[in-house]
Amino acid sequence: MKKTKVLLASLAASFVLAGSAAAETELTVYTAVEAEDLQRYAEKFNETYPDIKINWVRDSTGIITAKLLAERDNPQADVVWGLAATSLLLLKSEGMLEPYAPAGVGELDKKFVDKDNPPAWVGMDAWVAAVCYNTVEAEKAGLKPPTSWKDLTDPMYAGKIIMPNPNSSGTGFLDVSSWLQMFGEEGGWEYMDALHENIARYTHSGSKPCKLAAAGEIPIGISFAFRGAKSKAAGAPLEIIVPSEGVGWDMEASAIVAGTANLEAAQKLLDFSITKEANEMYNTGYAVVAYPGIAKPVEHFPEGLLDAMIDNDFEFAANNRAAILKEWQTRYDGKSEAK
């Protein structure tokens, strides 16, 4: 009898340990989402899945993309949540993503879902390029507001513009990719040569140029529209300009990393990432989200911006990413701020 009790106690302890292990499933999630948003996403996910802990690894788009590529033969991430679709297309082409159709994926706008079945990635939200123009600082400097991208090459803007480095920033890359699409390869590099003459410096963050313009540190920041709207709502003297040639855009998307040892937990996170609740949360930081009917009007969001979004060739951007970034770095990296 005594041996039986000891055996039962041992089995019970084993079950407790097994349960504890199950309760401590951890997912390593690589992301380029704004740092201040990560905790609330994890808290909402844990309301449904309290047994899965998210360990965030956060950096800018270019750095996260480079990190994933460097780890290709020994993946450290389970999930990528909130990275530019152009980056995920590149990872897909390298065979680094685990195809999965999240529950309810048919409800999403088709533009936000990989065309393969099952999809290799699913979209979350989109961000759109724009120019943040500080009217107070511009007036002090005797500037006139630009109406087009090409206006920004006017010598009067010399030293008055900040934009993101495309090697670090997804916003910077969508700018460069869109200019090459709008103006052609030769015309695009000629445009960037001329623009470079007026650039004060390149940042490693897509939102920073607009934040600096909002703070009055520079008259013009090339950034994305929602950041400008948010800063203007907070009282910054900004005009958010939609250049007449059109604007580049990209979407944040999520995917499971091929080879993850935590596939079931990773699938649960992908399921959550496309829910109405998750899209409602994305809408606090982005004006365009994947789930139709969720997005609410954004105060100070510039009129005509969505119509100005170019017919973005994501395949072009993904397939030529490495060559584009190498060429950009050779030409312009001398004005990049220190990391």
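The values are calculated or read from the model by the stated rules, or taken from the named source; none is laboratory data. On a predicted model such as this, the values are computed, not experimentally measured, just so you know. With ideal geometry, Cβ positions are generated from the backbone for all residues, glycine too; neighbour counts draw on all protein chains shown. Heads up: the accessible areas ignore ligands, DNA and RNA and are worked out on the full protein's heavy atoms, side chains in. Shrake-Rupley method; radii C 1.70, N 1.55, O 1.52, S 1.80 Å.
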Which condition number in (1) under 16 Å from A213 (Cβ atoms); (2) surrounded by 23 or more Cβ atoms within 10 Å (Cβ to Cβ) is the one that A141 fails?
(2)
Being surrounded by fewer than 17 Cβ atoms within 10 Å (Cβ to Cβ) and modelled with pLDDT of 90 or more is the filter here, so list the residues in segment 323-339 that pass it.
A323, K326, E327, Q329, T330, R331, D333, G334, K335, E337, A338
Just to be sure I understand the filter: pairs with C-beta atoms under 7 Å, separated by 6 or more residues or on different chains, first member in segment 165-180 and within 17 Å of G334 (Cα to Cα), second member of a type in the set (F, W, Y) and not in a helix (DSSP H, G or I). Which pairs pass?
N165/Y202
State which residue pairs qualify: first residue part of a helix (DSSP H, G or I) and inside segment 316-334, second residue open to solvent by 50 Å² or more (accessible area, probe 1.4 Å) in any location, beta carbons under 9 Å apart, and separation of 6 or more residues or different chains.
F316/Q181; A317/Q181; A318/K92; A318/S93; N319/S93; R331/D193; Y332/D193
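Quick one: would you say A295 is within 26 Å of V29 (Cβ to Cβ), open to solvent by 40 Å² or more (accessible area, probe 1.4 Å) and under 18 Å from the mean Cα position of the chain (by Cα)?
The answer is yes for A295.
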Give the residue that is farthest from T171 (Cα to Cα), with candidates limited to residues of segment 205-241 that are within 20 Å of the chain's Cα centre (by Cα) and open to solvent by 30 Å² or more (accessible area, probe 1.4 Å).
K230
Under 8 Å by Cβ, and 6 or more places apart or on different chains, what pairs join a residue from segment 267-288 that is in a helix (DSSP H, G or I) with one that is open to solvent by 30 Å² or more (accessible area, probe 1.4 Å) and among the charged types (D, E, K, R)?
F272/K44; E277/K44; A278/K44; M281/R40; M281/K44
Go through (1) open to solvent by 40 Å² or more (accessible area, probe 1.4 Å); (2) over 21 Å from S178 (Cβ atoms); (3) under 19 Å from the mean Cα position of the chain (by Cα) for N320 and report which single condition fails.
(2)
So T260 clears everything in (1) touching a strand residue (DSSP E or B) at 6+ places or on another chain (Cβ under 8 Å); (2) open to solvent by less than 10 Å² (accessible area, probe 1.4 Å) except one condition, right? Which one?
(2)
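Within 30 Å of P102 (Cα to Cα), modelled with pLDDT of 95 or more and of a type outside the set (K, R): which single residue out of S273, S244 fits that description? Let's see the steps before the verdict.
Details: S244 fails: within 30 Å of P102 (Cα to Cα).
Checking each option against the conditions leaves just S273.
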State all residues of segment 94-108 that are assigned to a loop (DSSP other than H, G, I, E, B) and either of a type in the set (V, I, T) or surrounded by 15 or more Cβ atoms within 10 Å (Cβ to Cβ) (or both); if no residue qualifies, say none.
M96, P99, Y100, A101, P102, L108
Only residues that are of a type in the set (S, T, Y) and either surrounded by fewer than 18 Cβ atoms within 10 Å (Cβ to Cβ) or not in a helix (DSSP H, G or I) (or both): list them for segment 147-183, please.
T147, S148, S168, S169
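Taking the conditions exactly as written (part of a loop (DSSP other than H, G, I, E, B), more than 30 Å from I199 (Cα to Cα) and not small (G, A, S)), does P118 satisfy them or not? Spell out the reasoning first.
Working: part of a loop (DSSP other than H, G, I, E, B): yes; more than 30 Å from I199 (Cα to Cα): yes; not small (G, A, S): yes.
Yes, satisfied.
Given the options A213, A129, A200, name the one that is farther than 22 Å from T330 by Cβ, modelled with pLDDT of 95 or more, in a strand (DSSP E or B) and in contact with a Gly (Cβ under 6 Å, 6 or more places away or on another chain).
Details: A213 fails: in a strand (DSSP E or B); A200 fails: farther than 22 Å from T330 by Cβ.
On inspection, the qualifying residue turns out to be A129.
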